[in-house]
Every structure is written in C-alpha cells, then in structure tokens.
Amino acid sequence: MTPSPEPFEAPAPGVPTRARALGGPSPSSLAELTTLRIGGRIGRYLEASTEEEMIEAIRRADASGTPLLVVGGGSNIVASDAGFDGLVLRDGREDVRVVSESACGGVEITATGGVAWDDLVRQAVASDWAGFAPLSGIPGSVGAAPVQNIGAYGAEVAELLASVRAWDRLAGRVVHLPLADLRLAYRDSAIKRSLTDAAIGGGRTWGPTGRWVVLSVGFHVRQAALAAPIAYSQLATALGAELGARVPAADVRRAVLGLRRSKGMVLDDADHDTWSAGSFFTNPILTAEQAASLPDDAPRFPVADHSRPTDTVSGAPVIEGLVKTSAAWLIDRAGFPRGFALPSAPRASLSTKHVLALTNRGGASAADLTALRDAVVDGVRERYGVTLVPEPVHVGW
C-alpha cells in the first residue's frame, strides 16, 4: 500500500514537507536541496525511481571514484559555498507496504528510503500503528531516520525499527542490517559513524554519504490507538495531561505539530526561522563527573541504551554513569540569546524562537553560518568546558 492521497492531517497551505518536491527541473545547487538554503553548485543530479536504478548509480559512482551524496529532505545538511563536484542522488520511491498485521503479533511495515518521514507518521497515526506520533513533523526522509536515529519528545526511531535493507558500498551488495548491527545511540548509528570511523567503514572512511545507503526500512510496532506514556513534560503540558499518561495518538500528533510550529521547526517558506537544519547541536552526553562541574540548575537527563531492541511502552534501559544535558541551556547561558547574530555575518542568526537552530535570514552564505556555529561552540566551551557537536552532515568542506 502507498501513503494515502488524503493525509490524516495535512500541512498548512504553502508549507512543504521537504526542501524540494520530487520531480520537476533538476536543481543546479545544494541551496535548492537543503532546508538551510545554502550551498554551491553540484556536478550531477539524479532522482532514482527504482531500487535497481539507485544501486546502479551508486555502483557507477564508486567505481569511477565520483563523490556521492545521497539526499532525502535536505534537512540535515550544511553545504559548502564551494558546492559538490560529484553525484547527488535522491531516492524517488515513495512506497509503504504492510508486511503483516495482527492484534497479537503487531504490525510489520516496510517503507522505501524516499518516503517523506512525516507522510509515514501521518499514515501510522491514522492506521493505529503505535509509537510514531511523538515523531510528527520531523522533516527529511525515511532513509535518513535510522542514520540519525531521529527522535523528539521522549521518543526515538530506535524504538520502532526492526531492520534496514541497504546497499553496502564496501561489499558491493545488498545487506540486511538488524537493529543490533545498526548500533543505534543518541542521534547516531553505525551508518553515520562510517563517515569518520575507519574501523566501522571497513578500513576507510566514507563521506558525505556513509558506507551503507539505506534502500528501505522495516518497522515492527504494536497496534494501538493510544500513544505510549508521555515522557516529555512540555508535551504533557500541551496536552493538559500528566507525565506517564496515555492519550490518543491523534491528539499527540496535533500537540507535537503545534509545539514544533511554535519553535519554527515545521518548514514554511515565509518564516526564516524554518530556514534551518533543525536542532543544530546534539545535547552533550557527559560522564557523571563532567556533569557535576556544571551549575546546579543545569538540566540533567538519563541516557537511554538503544543498542538492543526495546518497545514503546517500557522504553530503553538507562546507561549508568552517563548524563545528558541541554545544548540549548548551555547556549543561552553562555551569552547567545534568541536571534543572536555576529555583526560580521548578520544574514545568519540563531532562531528568534529558540537558540538551538541556526538560521538563514535570507542570502546567508555557508561561511556566514559556520562563523556563527564556531562562535557558539567557542563560547560554550569557554564558559562551561563542554564542546558542542553539530548534528548536521557537512558537505563540500
């Protein structure tokens, strides 16, 4: 089955679900393919309509030594002004298939990499596929979801995943990666780590696209009209419910979309706060000793272990000795308020709605944005001794 042509909850008029819709004239620059709307010219662009076309394009690029960038919604890319002299490949397949469905065994779903993530969430909520609702409104594609282990409002895609079907660029064949092999962690996976870790990459690093290119993703979830227990206080407040309460998934979806819109985290051409890559920095993971050096009022959260299968009700176990703190709290307290911009690069600023997004105010260059990035990183490190880590993939640097 394919995503319903009548969405369960359609975006507001004029609000795209990805940086550039599939089809139409081929883009000439990465600025046309990214939600930050920055980035120079590209060498060649291809939208693949079949898995065979995807694999052949990757195979040819790797055989000829041509740099490869596989893009989805373009919401997690910081592209260089110098551009990308290689092949930019986009998965044009938008298929969702129910493999099996039963009250006892749950639902097994397979989605191709090119499906817009929020299209899948919309269908999941309408179909009573449990666990998806807190992940509403996240831009990008299904293929990117396991790479980043996307998450929001107390939920992570790791809780929904069963396996990934991928093209292994090193082995030159299609492989099935079970959850254990993905080595999922907070906004991280083996696929992402293969960009910089030669041990995972099979003796080399891969970039800006990892060793494994996601072809499709398998999910195994329960059937339920009620969402998992609410694990995020801001979401509970928006719902008028207690932490740990279970409410209809449709209500959770509406509340999450409302919260994301209030933070400029739902794409809108008219709102420059949405000209961003979402949350630019991951929340730092610290040892208990490092966390003890922070001010008493600094946020402290447990760190979940997603290295083995969990479920949306009981959640993942906690890793002892590690503490997650808030990047937004550190940025704000280090002297970078909402709307902060460098005098030398005013076209890039922190969002006017929250400090965790770096935004393009119109006409910003990659150099403008990275100057702002570096100022924030340096300022937080100087004030708190914590080095913030950017979440987006940097392309062409």
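Read-outs throughout are calculated quantities, based only on the coordinates presented, and are distinct from any laboratory measurement. Fair warning: this is a prediction, and the values are worked out from it, not measured in the lab. Virtual Cβ from ideal backbone geometry, glycine too; neighbours counted across all protein chains shown.
Computed from label points 7 Å out along Cα-Cβ, the spacing between residue 59 and residue 292 is 5.7 nm. Computed extension gain for residue 318 through residue 237, at 0.36 nm per residue and net of the alpha carbon distance, reaches 26.7 nm. Each principal axis of the Cα atoms in segment 45-189 has its own extent, and those three values, largest first, are 49, 32, 27 angstrom. For residue 324, the lysines whose Cα falls under 21 Å of its own Cα, not counting residues fewer than eight places away in the same chain, are 192. Overall form of segment 337-397: oblate. Here a/c, set by the Cα gyration tensor axes a ≥ b ≥ c, is 1.5 or more, and a/b is not larger than b/c. Under 5 Å between amide hydrogens, built in the peptide plane, is the criterion, and for residue 86 it picks out 43, 44 among residues at least 5 positions away or on other chains.
Compactness check for segment 128-259: Cα Rg over 2.2 N^0.38 Å is 1.18.
Between residue 197 and residue 326, how high is the FRET efficiency from 1/(1 + (r/R0)^6) when r is the Cβ-Cβ distance and R₀ = 25 Å? Nearest 0.05. In this case the efficiency is close to 0.40. Set the Förster distance to 35 Å, then compute FRET efficiency between residue 103 and residue 387 from the Cβ-Cβ distance, nearest 0.05. Result of the calculation: an efficiency of 0.10.
If the segment from residue 367 to residue 173 were pulled out straight at 0.36 nm per residue, it would be longer than the present Cα-Cα gap by 66.0 nm. Sorted from greatest to least, the principal axis extents spanned by the alpha carbons of segment 177-323 come out as 52, 40, 38 Å.
The alpha carbons of segment 90-159 stretch over 35, 29, 19 Å along the principal axes, in descending order.
Taking only the C-alpha atoms of segment 164-238, the Rg (one decimal) and the largest Cα-Cα distance, Dmax (whole number), read 16.5, 49 Å.
A simple rule links phi to the HN-Hα coupling: the Karplus curve 6.51 cos²θ - 1.76 cosθ + 1.60 with θ = phi - 60°, which for segment 103-110 gives 5, 8, x, x, 10, 10, 10, 10 Hz, with x for Gly and Pro.
Once you have a ≥ b ≥ c as the square roots of the Cα gyration tensor eigenvalues for the chain, tell me rounded if a/c is under 1.5, and otherwise prolate or oblate according to whether a/b is larger than b/c. Rounded is the answer for the chain, as its axis ratio a/c remains below 1.5.
Close amide H contacts of residue 141 (hydrogens built in the peptide plane, cut-off under 5 Å, sequence separation of 5 or more or a different chain): 73, 117. Candidate cross-link partners of residue 263 among the aspartates and glutamates, defined by an alpha-carbon separation under 12 Å and a same-chain spacing of 8 or more, comprise 271, 273. With θ taken as phi - 60° and the Karplus curve 6.51 cos²θ - 1.76 cosθ + 1.60 applied, the whole-hertz 3J(HN,Hα) list for segment 208-221 is x, 10, x, 4, 9, 9, 5, 9, 7, 10, x, 10, 9, 9 Hz, x standing for glycine and proline.
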